[in-house]
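The values are calculated or read from the model by the stated rules, or taken from the named source; none is laboratory data. These figures come from a predicted structure and were not determined experimentally. Positions of Cβ are backbone-derived with ideal geometry, glycine not excepted, and every protein chain shown enters the neighbour counts.
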Amino acid sequence: MKIESLMTKHVVTATPETPLKRVARMLTRYRISGVPVVDADGGVLGVVTEADILCKEQGLSPEPSGVLGWLFEKADAEGSRLLARTAGEAMTTPPVTISPDASISEAARIMVTRHINRLPVVDDGRLVGIISRADLVRAFHRSDQEIQQELEEDVLLHQLWVSTEDVQVSVTDGVVELGGVVENRTQAELVAAYALRVPGVVDVISSVTWRVDDQARRLKRLPQRI
């Protein structure tokens, strides 16, 4: 499953000149946690999030001195956002984006490792959508039939070039069972690994066997150390 099948195409955006007060109203009105900041050509410059707004809400003096001045010197980037009046001044940049052709698992990996809740979707340098953690959770809540269909039609046939006559798939409550015979051991392991990456899959139980153990043959060719 690709990002483009889940992303929201009508994206609420701001420009660098959008007042921060208006951005806050946008977040509240549309019940979202962040908005991309775009230029005139639709390029994503950054993202303003609830955290950026809360940074402003700390209410520090616009001209800090003394201890506050020292803190600003130690954290110029954070300090400038505390003084921000527009989306361009408050946004987090550079933005973390993703392609519409990327997989759901890739989006999940980026969100978890980068600790972010949404990703602007960019195609040819322009914003085409946005994907959120809620979208990924919705993808996980798929029927067994949908999961099986993706495994058979996309994973096996199109990605791995494996016939559904060679590998049989069944799905129960998100648990995938694989059976059959493929050409080699590497192919059998790839089938199980790719199946585990399909959104909605809880676990994979594979009894797929192989005709040739290509990994054993490679091991035999490795030079022996004395």
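For residues that are under 21 Å from Arg126 (Cα atoms) and more than 21 Å from the chain's Cα centre (by Cα), tally how many sit in region 7-22. Full working, then the answer.
Here is the first cut: in region 7-22, the ones under 21 Å from Arg126 (Cα atoms) are 7-18.
So of that shortlist, the ones also more than 21 Å from the chain's Cα centre (by Cα) come out as 14-18.
Going through region 7-22 one residue at a time, the tally reaches 5.
Quick test of your reading of the structure: Leu136 fulfils all but one of (1) at pLDDT 95 or above; (2) under 10 Å from the mean Cα position of the chain (by Cα). Name the failing condition by number.
It fails just one condition, (1).
Return yes when Leu127 is modelled with pLDDT of 95 or more, in the same structural domain as Ala51 (by TED's automatic domain parsing) and not in a loop (DSSP other than H, G, I, E, B) and no when it is not. Before you say what the answer is, go through the steps one by one.
Values: modelled with pLDDT of 95 or more: yes; in the same structural domain as Ala51 (by TED's automatic domain parsing): yes; not in a loop (DSSP other than H, G, I, E, B): yes.
Considered against the rule, which asks whether it is modelled with pLDDT of 95 or more, in the same structural domain as Ala51 (by TED's automatic domain parsing) and not in a loop (DSSP other than H, G, I, E, B), Leu127 comes out as yes.
Name the residues in region 153-170 that are under 17 Å from Thr186 (Cβ atoms) and in contact (Cβ under 8 Å) with a residue 12 or more places away in the chain, would you?
Val155, Leu156, Gln159, Leu160, Val162, Asp166, Val167
Identify, by number, the condition in (1) surrounded by fewer than 15 Cβ atoms within 10 Å (Cβ to Cβ); (2) among the aliphatic types (A, V, I, L, M); (3) in the same structural domain as Val47 (by TED's automatic domain parsing) that Leu157 doesn't meet.
(3)
With part of a helix (DSSP H, G or I), β-branched (Val, Ile, Thr), surrounded by fewer than 18 Cβ atoms within 10 Å (Cβ to Cβ) and in contact (Cβ under 8 Å) with a residue 12 or more places away in the chain as the only criterion, which of Ile147, Ile110 stands out?
Numbers: Ile147 fails: surrounded by fewer than 18 Cβ atoms within 10 Å (Cβ to Cβ).
Exactly one of Ile147, Ile110 is part of a helix (DSSP H, G or I), β-branched (Val, Ile, Thr), surrounded by fewer than 18 Cβ atoms within 10 Å (Cβ to Cβ) and in contact (Cβ under 8 Å) with a residue 12 or more places away in the chain, namely Ile110.
Would you be able to tell me the number of residues in region 43-54 that are surrounded by fewer than 18 Cβ atoms within 10 Å (Cβ to Cβ) and modelled with pLDDT under 95?
Here the count works out to 3.
Within region 28-40, which residues are over 23 Å from Arg126 (Cβ atoms) and over 21 Å from the mean Cα position of the chain (by Cα)?
Within region 28-40, the first condition is being over 23 Å from Arg126 (Cβ atoms), and the residues that meet it are 28-29, 31.
If the condition is that a residue be over 23 Å from Arg126 (Cβ atoms) and over 21 Å from the mean Cα position of the chain (by Cα), then Thr28, Arg29 are the ones that fit.
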